Amino acid sequence: MVDLLVGRGVLTAEQVEAARGKAEADGMALMDAILDARLIDESDLMMILAAEYGMECFDLTNFKIEPEVKAALPDELARRYKVVPVMKTESTLTVAISDPTDLETLDALRHILKTDVEGVIVPRKQLKDAIARHYGTVEESVDQFLQDITEAGVALQTLHDGADAAMGEGHAVDDDAPIIRLVSLIIFEAYRSRASDIHLEPLEKRFRARYRIDGLLREVESPPKYLQNNIISRLKIMARMDISEHRVPQDGRIQITAMGKALDLRVSCLPTTHGESIVMRILDKSSITLGIPELGFFADDQEVINNILAFPDGIFLVTGPTGSGKTTSLYAFLNTLNQPTRKIITAEDPVEYELSGINQCQVANEIGMTFANALRAMLRQAPNIIMVGEIRDLEAGEIAINAALTGHLVFSTLHTNDAPSAVTRLVDMKIKPFLVASAVRAIMAQRLVRRLCQKCSKPVPVTDAQAESLHLSPDYFKSMGLKTGEGCSECSKGYRGRMGIYEIFVLSEDIQRLVYEMVPSGVIRVQARANGMRTLREDGLRKAGAGLTTLEEVIRVTAADAQD
């Protein structure tokens, strides 16, 4: 549209660039910026566009939509696509639009309504007023949605964040604005439901909201599709993202207070086919005070962990897939070791929680602050204990091992399915086997299983299908206190929270010899089990037998252990 106006001499290139700068600064459409600057009269613009695109101009000032015409276009579609139906024949629906270049809107309506859709051009303000007159304003729509939610028994609490204050004086935002209250409701309800993540996903016909609770996604009451852009814009402002950028992924952070607790939300924005998808990771600062007992270790495993933490040097690796609780475990270990007599430095990507008394470094690859460079610099700070977020390459691995061999206790993570595979992964990175054997003290693999709600759990016998899936005889479970959850007001379908199951692998002298000889990880695993290492599935069975989780959870989470 802008090229058309420049080509006809209506606008100059300089005027367009000035308007483009204002549009980017204010987060508005370029054509809106041109009209706001009064570079062209809107009625003249309508005439030019009508002639160019073969459409008619239309006047909605006192127009009243006939009931049968209004019924042809659902209210949600009118609000979502910002159109008003004006005429209906047997085969065609005519709608009023303000941007004739937006052919995607007409195509989408044709696809959804299964009929031919034509457009007529109307001024922006006329269209906005007509939508508000016939379908209600966005504020009224949000108020109705909030009313429906609160009538269903959901409490509403406005969150407090620094996004609006950061805008400075003269930019104050009314905390009672409907979109702000709606975003507050989404975040507050997620936290109250004990969710770890909020997923807001634009689909073709709806805007889906899901919470990840105890590791599993659960769909919740979703906002109307036509509020999608308003909600995303509000969240991008809170996360200090560029609201005018819709083409590339963005990351941000929101700091808020909910129910008297300080929360950090790590926000990721990803452009998708039907809009920008937002995922918010909820980081509860109160959870970083977890100690080792809260992680879910039995007494014998906790004793092994305490012995490992007492080592003066060496590497302790924690392995597992993304979302298996590795960072929480490492923070619990560092909290245990955090004493005034020790200097602890971490290199993380990103720094998820701030730990009092510990020096934490943020990795930034784009400026050369890699794990390897951070590690190299950390060693010049004379630390006692080092935590590296992840060993990703040969350089970082060699520096970590050299640190361990020169008197430092090093914690780090690897992405492997089990503990014994971690040593072969290091060797695969081209780290010399004798260095791995000498430096690595222990490796812990972990997964998270949902914890049974103790209020509504009840005893349950093992089923034949479960015993067969676990390759165990039903007699194996006779002395166990297996339970299941019935579900109650304090839990999610019988579960409340999560706990870890662990595979703790301490490198003994015979294991060190096998590592030096570069034998396959399967051989090392066999020897580790002969030395008493308990697998993830075996630890899970112990916890199911104690009534802490269910056999279904153990089977689901430890499917990779089925061959053991």
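Starting from residues that are assigned to a loop (DSSP other than H, G, I, E, B) and out of contact with any Lys or Arg (no Cβ under 7 Å at 6 or more places or on another chain), keep the ones in the range 202-223 and report whichever is farthest from Ser184 (Cα to Cα). Full working, then the answer.
Of the residues in the range 202-223, the ones assigned to a loop (DSSP other than H, G, I, E, B) are 203-206, 214-215, 220-223.
So of that shortlist, the ones also out of contact with any Lys or Arg (no Cβ under 7 Å at 6 or more places or on another chain) come out as 203-204, 221, 223.
On the way: Leu203: 22, Glu204: 25, Glu221: 14, Pro223: 13 Å.
Going through the qualifying residues, I end up with Glu204.
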Where residues in the range 250-273 are touching a Phe, Trp or Tyr at 6+ places or on another chain (Cβ under 9 Å) and open to solvent by 30 Å² or more (accessible area, probe 1.4 Å), which of them is modelled with the highest pLDDT? Lys261
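Just checking, does the range 457-475 include any residue being charged (D, E, K, R), crowded, with 22+ Cβ neighbours inside 10 Å and in a strand (DSSP E or B)?
In the first step, residues of the range 457-475 are kept if they are charged (D, E, K, R); the result is 458, 464, 468, 475.
With crowded, with 22+ Cβ neighbours inside 10 Å added as a condition, the list becomes none.
No: the range 457-475 contains no residue that is charged (D, E, K, R), crowded, with 22+ Cβ neighbours inside 10 Å and in a strand (DSSP E or B).
Looking at Arg534, is it open to solvent by 60 Å² or more (accessible area, probe 1.4 Å), among the charged types (D, E, K, R), within 20 Å of Asn417 (Cβ to Cβ) and not in a helix (DSSP H, G or I)?
Numbers: open to solvent by 60 Å² or more (accessible area, probe 1.4 Å): yes; among the charged types (D, E, K, R): yes; within 20 Å of Asn417 (Cβ to Cβ): yes; not in a helix (DSSP H, G or I): yes.
The answer is yes for Arg534.
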So which pairs qualify, if the first residue must be in the range 37-50 and in contact (Cβ under 8 Å) with a residue 40 or more places away in the chain, the second must be open to solvent by 70 Å² or more (accessible area, probe 1.4 Å) and in a loop (DSSP other than H, G, I, E, B), the Cβ gap must be under 9 Å, and the two must be at least 6 apart or on different chains? Ile48/Arg8; Ala50/Glu56
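Test of understanding: among Arg380, Arg425, Arg450, Arg392, which residue is open to solvent by 10 Å² or more (accessible area, probe 1.4 Å), basic (Lys, Arg) and in contact (Cβ under 8 Å) with a residue 40 or more places away in the chain?
Values: Arg380 fails: in contact (Cβ under 8 Å) with a residue 40 or more places away in the chain; Arg425 fails: in contact (Cβ under 8 Å) with a residue 40 or more places away in the chain; Arg392 fails: in contact (Cβ under 8 Å) with a residue 40 or more places away in the chain.
Only one candidate qualifies: Arg450.
Could you say whether any residue in the range 481-489 is part of a helix (DSSP H, G or I) and either among the polar types (S, T, N, Q) or in contact (Cβ under 8 Å) with a residue 60 or more places away in the chain (or both)?
Let us first name the residues in the range 481-489 that are part of a helix (DSSP H, G or I), namely none.
Looking through the range 481-489, none of the residues is part of a helix (DSSP H, G or I) and either among the polar types (S, T, N, Q) or in contact (Cβ under 8 Å) with a residue 60 or more places away in the chain (or both).
Any idea how many residues of the range 476-509 are over 33 Å from the mean Cα position of the chain (by Cα), surrounded by 12 or more Cβ atoms within 10 Å (Cβ to Cβ) and among the small types (Gly, Ala, Ser)?
Kept after step one, since they are over 33 Å from the mean Cα position of the chain (by Cα), are these residues of the range 476-509: 476-482, 506-509.
Remaining after also requiring surrounded by 12 or more Cβ atoms within 10 Å (Cβ to Cβ): 476-477, 480-482, 506-508.
Imposing the further condition that a residue be among the small types (Gly, Ala, Ser) reduces the set to 481, 508.
Within the range 476-509, residues that are over 33 Å from the mean Cα position of the chain (by Cα), surrounded by 12 or more Cβ atoms within 10 Å (Cβ to Cβ) and among the small types (Gly, Ala, Ser) number 2.
Could you grab me the full set of residues in the range 62-86 that are among the charged types (D, E, K, R), without any contact (Cβ under 8 Å) to a residue 60 or more places away in the chain and in contact with a strand residue (DSSP E or B) (Cβ under 7 Å, 6 or more places away or on another chain)?
Answer for the range 62-86, where residues must be among the charged types (D, E, K, R), without any contact (Cβ under 8 Å) to a residue 60 or more places away in the chain and in contact with a strand residue (DSSP E or B) (Cβ under 7 Å, 6 or more places away or on another chain): just Glu68.
Please work out if Glu503 is among the acidic types (Asp, Glu) and assigned to a loop (DSSP other than H, G, I, E, B).
On the way: among the acidic types (Asp, Glu): yes; assigned to a loop (DSSP other than H, G, I, E, B): no.
Answer is no for this residue.
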Among (1) within 25 Å of the chain's Cα centre (by Cα); (2) at pLDDT below 95 - the single one Val279 does not satisfy: (2)
What residue, of Arg529, Arg513, is without any contact (Cβ under 8 Å) to a residue 60 or more places away in the chain, surrounded by fewer than 22 Cβ atoms within 10 Å (Cβ to Cβ) and of a type in the set (Lys, Arg)? Arg529
Among the residues that make up the range 524-546, is at least one of them among the aliphatic types (A, V, I, L, M), out of contact with any helix residue (DSSP H, G or I) (no Cβ under 7 Å at 6 or more places or on another chain), at pLDDT 90 or above and closer than 30 Å to Tyr211 by Cβ? yes
For the range 21-34, check the following and say yes or no: at least one residue is in contact with a Leu (Cβ under 6 Å, 6 or more places away or on another chain), surrounded by 14 or more Cβ atoms within 10 Å (Cβ to Cβ) and more than 17 Å from Ala96 (Cβ to Cβ). yes
Of the residues in the range 436-456 that are outside any strand (DSSP E or B) and of a type in the set (S, T, N, Q), the one that is nearest to Leu482 (Cα to Cα) is Gln454
Consider Leu337 carefully, then state whether it is of a type outside the set (Asp, Glu), surrounded by fewer than 21 Cβ atoms within 10 Å (Cβ to Cβ) and over 26 Å from Gly540 (Cα atoms). yes
When you look at Ser222, is it more than 23 Å from Thr322 (Cβ to Cβ), without any contact (Cβ under 8 Å) to a residue 60 or more places away in the chain and open to solvent by less than 70 Å² (accessible area, probe 1.4 Å), yes or no? yes
Failed criterion for Phe311 (all others in (1) loosely packed, with under 13 Cβ neighbours inside 10 Å; (2) in a loop (DSSP other than H, G, I, E, B) hold): (1)
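Is it fair to say Thr327 is of a type in the set (Ser, Thr, Tyr) and part of a strand (DSSP E or B)?
Details: of a type in the set (Ser, Thr, Tyr): yes; part of a strand (DSSP E or B): no.
It is false that Thr327 is of a type in the set (Ser, Thr, Tyr) and part of a strand (DSSP E or B).
The values are calculated or read from the model by the stated rules, or taken from the named source; none is laboratory data. None of these values were measured; they are calculated from a predicted model. Note that each Cβ is placed from the backbone with ideal geometry, even for glycine, and that neighbours are counted across all protein chains shown. These accessible areas exclude ligands, DNA and RNA; they are computed on the full protein's heavy atoms, side chains included. Shrake-Rupley method; radii C 1.70, N 1.55, O 1.52, S 1.80 Å.
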